[in-house]
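Read the figures in this text as sums done on the coordinates, not as results from a lab. Only a predicted model underlies this, so the values are computations on that prediction, with no experimental measurement involved. We place every Cβ from the backbone using ideal geometry, glycine too, and count neighbours over all the protein chains shown.
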Amino acid sequence: MKRHRGLKRYYKNLSIQNDFDKMTWLDFEKPDIWSKNWHVHFDRYSYGNNSFKRRKPHLDKLFRHFEILVDKTQRLESGFQLYTILLDFNSYSDALFLHTPNPDNSQFLFKIEDLKNEPTLKNKQLKDYIEQLNGFEKLYGQSDEAFCLLYKRGIGLDFK
């Protein structure tokens, strides 16, 4: 197994960096901004696939950025959906999404069929992490892998 150097600094930076500061195209000062299911992944190296201890800091960063986007989306003139999807065991695929009406005519409102209120996750540590999150609506589904879709009621448009 390849040894990764600088992991201590990498994990420290997860807790303090704001990735949106580096994204020049994500300009919320323009009220006509649009996004076609734009998303960002926080565990680009899949460190959390084998250890929840390594996954948790990435999840913490994801939800910190969710709150940053809550503030930034207040300026949007059009409707939008702000949500996150967490996969049972694939940490790389955990992502934060922003979706608005767009000129590419992609489906808006974005919907996933057959979502349930009962957890479908088999990953106990992830299920426990999700349960302790306050203020989020939690919807569960099954595709290639069990997943959880989370959003906040009253922030953008709901999924139900």
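The table for this structure:
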quantity	calculated
Sequence ranges 48-55, 116-123, 88-95, ranked by mean other-Cβ count within 10 angstrom, highest first	88-95, 48-55, 116-123
Listed residue pairs exceeding 32 Å between alpha carbons, taken from K8/K116; K22/K122; K22/K116; K72/K127	K8/K116; K22/K122; K22/K116
